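Peer 1: Here it is, the structure, as structure tokens.
The values are calculated or read from the model by the stated rules, or taken from the named source; none is laboratory data. Treat the numbers as computed from the prediction; the structure is a model and nothing was measured. All Cβ positions, even for glycine, are placed from backbone atoms using ideal geometry, and neighbour counts span all protein chains on display. Quick note on the areas: whole protein, heavy atoms, side chains included, nothing else; ligands and nucleic acids left out. Shrake-Rupley method; radii C 1.70, N 1.55, O 1.52, S 1.80 Å.
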Amino acid sequence: MKFLSTLKEGMRISEVYLCKSRQILLTKAGKEYASLILQDKSGTVDAKIWDLKSPGINDISAMDYIVVEADVNMFNNSLQLNIRRVRKADAGEYMIENYIPVSKYSIESMYNELKEKVSSIKNIHLNRLLNAIFIEDTAFASKFKSSSAAKNVHHSFMGGLMEHSLSVVRLCEFYCKNYPILNRDLLISAALCHDIGKIEELSPFPENDYTDEGQLLGHIIIGCEIISKKAQKIEGFPAKLLNELKHCILSHHGELEYGSPKKPAIIEALALNLADNTDAKLETMKEILESADENVLWLGYNRMFESNIKRTGL
């Protein structure tokens, strides 16, 4: 199998990929064409079918495994497949594990590190809360270990949610060493919990798309509901501490226009916002650089960074 990450401009391929999305769009001249996003465990690629009379196009849908015959082209410094023929793949033509992107780190090793972070929390109420969420609730733990951190953009792979959460925790631990004013137990607890709502916001792989709950509520609200329900079962959980923890979750996007119901009002919330933003943006930049042709100097304009991205050292 030729994984998407190995494709080069000029190649002609006949391979099976997962069709993540399929849309019929119009060119500027008003002609219909099909736009697809194809996926395997190495990543995704944009694909186009310019001739809708191509065999098989009407037989495929999103989330189908499809056999594509295509030419590999470059468009705006990114690979794009020009599909000539397509059909729905038969069951024996693919292995599902080749199509689900997975963290390069061991899922169980990351989970063991997470449990170590939980055990490091000295506040008895926060410690009990984290144990109730991440360890005692085995159904939650299973979802958390297999979830992505996003539909796309950054950490959009199995184990991505845990990888991102631990990265944020490590940054917050660095902040605590440099700024002793920070309440470590509160900040680390918030870092571990800040994206837990994503287990319900996004559907499981291979779909990894927004659920109805995710569209209507979003992971910030869902996460606060999870925390509130667990805290209610812990006798004597201080209301002030619970409100401070939930405030960190509610404000971790930093700005109202970025989806946070509140802006940071306490120093731990500010630190969490900075750590979350740092990891999300650096991971996004890393994934852009890793997916681009290593010989290309300028990678083109990126909407998230509002800049034309350049590779270092070329």
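Peer 1: Among LEU299, TYR179, SER35, whose Cα sits farthest toward the positive end of the charge dipole of the chain (+1 at Cβ of Lys/Arg, -1 at Cβ of Asp/Glu, about the Cα centre)?
Peer 2: Positive-end residue among those listed: TYR179.
Peer 1: Then there is this: Show the residues, 5+ positions off or on another chain, whose built amide H is closer than 5 Å to the amide H of LEU299.
Peer 2: Under 5 Å from the amide H of LEU299: ILE309, LYS310, ARG311.
Peer 1: Multiply the residue separation of GLU213 and ASP59 by 0.36 nm, subtract the distance between their alpha-carbon atoms, and state the gained length in nm to one decimal. Walk me through the numbers before you get to the answer.
Peer 2: Details: separation 154, 0.36 × 154 = 55.44 nm, distance 3.01 nm.
Using 0.36 nm per residue and subtracting the Cα-Cα distance, I get 52.4 nm.
Peer 1: So what J values fall out for the stretch 19-24 if you push phi through Karplus, 6.51 cos²θ - 1.76 cosθ + 1.60 with θ = phi - 60°, rounded to Hz, Gly and Pro as x?
Peer 2: Values per residue, Gly and Pro as x: 8, 6, 8, 9, 10, 9 Hz.
Peer 1: In the stretch 7-151, if the dipole is taken from +1 on Lys/Arg beta carbons and -1 on Asp/Glu beta carbons about the Cα centre, which of LEU81, TYR111, ALA150 is farthest to the positive end?
Peer 2: Final value for the positive-end residue is ALA150.
Peer 1: Follow-up. At q = 0.16, 0.18, 0.27 Å⁻¹, what base-10 log of I(q)/I(0) does the Debye formula yield for the stretch 187-235 when every alpha carbon is treated as an equal point scatterer in vacuo?
Peer 2: -0.48, -0.58, -0.95
Peer 1: Rounded to the nearest 0.05, what FRET efficiency is calculated for GLN232 and SER119 with R0 set to 22 Å and r the Cβ-Cβ distance?
Peer 2: Values: r = 23 Å, r/R0 = 1.05.
Between GLN232 and SER119 the formula returns 0.45.
Peer 1: Along Cα→Cβ, 7 Å out, is where each label goes; now give me the distance between the ones at ARG87 and GLU225 in nm to one decimal.
Peer 2: 4.5
Peer 1: Hey, how many Å between the Cα centroid of the stretch 266-297 and the Cα centroid of the stretch 40-105?
Peer 2: One Cα centre to the other: 28 Å.
Peer 1: With respect to the cross-link table entries LYS41/LYS115; LYS48/LYS262; LYS151/LYS229, which display a Cα-Cα separation exceeding 31 Å? Working shown, then result.
Peer 2: Working: LYS41/LYS115 27 Å; LYS48/LYS262 41 Å; LYS151/LYS229 26 Å.
Flagged as over cut-off: LYS48/LYS262.
Peer 1: Set the Förster distance to 35 Å, then compute FRET efficiency between SER142 and GLU255 from the Cβ-Cβ distance, nearest 0.05.
Peer 2: Working: r = 33 Å, r/R0 = 0.94.
It comes out at approximately 0.60.
Peer 1: I need the per residue convex hull volume for the stretch 146-214, using only the alpha carbons, in cubic angstrom as a whole number.
Peer 2: 78
Peer 1: Roll a 1.4 Å probe over the protein chains and send me the accessible area per residue for the chain in Å².
Peer 2: On the way: 16390 Å² over 314 residues.
Heavy-atom accessible area per residue stands at 52 Å².
Peer 1: How long are the three semi-axes of the equivalent ellipsoid of the stretch 1-90, in whole Å, if each is the root of 5 times an eigenvalue of the C-alpha gyration tensor, listed from largest down? Mind showing how you got there, number by number?
Peer 2: Details: eigenvalues 69, 52, 26 Å².
Ellipsoid semi-axes (Å, largest first): 19, 16, 11.
Peer 1: For the chain, what is the calculated [θ] at 222 nm in deg cm²/dmol (nearest 500), taking -39500 (n - 2.57) for each run of four or more DSSP H residues and dividing by its residue count? Walk me through the numbers on the way to the answer.
Peer 2: Values: 10 runs with 119 residues, N = 314.
-11500 deg cm²/dmol, from helical runs alone.
Peer 1: Can you pull the percent of Cα pairs in the stretch 64-200 with separation above 27 Å?
Peer 2: Working: 3616 of 9316 pairs.
The answer is 39 percent, as a whole percent.
Peer 1: Taking amide H positions as placed 1.01 Å from N in the peptide plane, with prolines and chain starts having none, which residues 5 or more places from SER21, or on another chain, fall under 5 Å of its amide H?
Peer 2: It is ILE37, MET63, by chain and number.
Peer 1: MET158's amide H: which non-local residues (gap 5+, or another chain) put their own amide H closer than 5 Å, with H modeled 1.01 Å from N in plane and none for Pro or chain starts?
Peer 2: When sequence neighbours closer than 5 places are left aside, the close amide H contacts are VAL102, SER103.
Peer 1: Between SER78 and MET285, with labels modelled 7 Å along Cα→Cβ, what's the label distance in nm to one decimal, could you check?
Peer 2: For the pair SER78/MET285, the computed spacing is 1.9 nm.
Peer 1: If you count, for each residue, the other Cβ atoms within 10 Å and average over each peptide, how do 106-119, 261-274 line up from highest to lowest? Mind showing how you got there, number by number?
Peer 2: Numbers: 106-119: 14.4, 261-274: 19.6.
Ranking, from highest mean packing down: 261-274, 106-119.
Peer 1: Report the charge-dipole magnitude of the chain in Debye, nearest 20, computed about the Cα centre from +1 at each Lys and Arg Cβ and -1 at each Asp and Glu Cβ.
Peer 2: Computed charge dipole of the chain: roughly 360 debye.
Peer 1: If a/c stays under 1.5 just call it rounded; otherwise compare a/b with b/c (prolate if a/b is bigger, oblate if not). Do that for the chain, with a ≥ b ≥ c from the square roots of the Cα gyration tensor eigenvalues.
Peer 2: prolate
Peer 1: Hey, another quick one. Which lysines have a Cα lying under 22 Å from the Cα of LYS310, excluding residues fewer than 8 positions away in the same chain?
Peer 2: LYS8, LYS281, LYS286
Peer 1: Between LYS263 and VAL102, what is the label-point separation in nm under the 7 Å Cα-to-beta-carbon projection?
Peer 2: Modelled inter-label distance: 4.4 nm.
Peer 1: With no solvent and one equal point scatterer placed on each C-alpha of the stretch 199-273, evaluate the Debye formula and give log10 I(q)/I(0) for q = 0.21 Å⁻¹, two decimals.
Peer 2: Reported log10 I(q)/I(0), two decimals: -0.95.
Peer 1: Let me ask something else. Per 0.36 nm of contour for each residue apart, how much would the distance between ILE13 and LEU297 grow if the chain were fully extended, relative to their Cα-Cα spacing?
Peer 2: Extending this stretch completely gives an extra 99.6 nm.
Peer 1: What list of ³J(HN,Hα) couplings, whole Hz, do you get for the stretch 253-262 from phi and the Karplus terms 6.51, -1.76, 1.60, once you set θ to phi - 60° and write x for glycine and proline?
Peer 2: With the stated coefficients, the stretch 253-262 comes to 7, x, 10, 4, 6, 9, x, 7, x, 9 Hz.
Peer 1: Test of understanding: in a Gaussian network model of the chain with alpha carbons linked when under 10 Å, which of GLY92, GLY160, GLY56 would top the mean-square fluctuation ranking?
Peer 2: Highest fluctuation of the listed residues: GLY92.
Peer 1: On to the next question. When the accessible area of the chain is split by element with a 1.4 Å probe, what percent falls to carbon and sulfur? All intermediate terms of the calculation are to be shown ahead of the outcome.
Peer 2: Values: 8330 of 16390 Å².
Carbon with sulfur: 51 percent of the solvent-accessible area.
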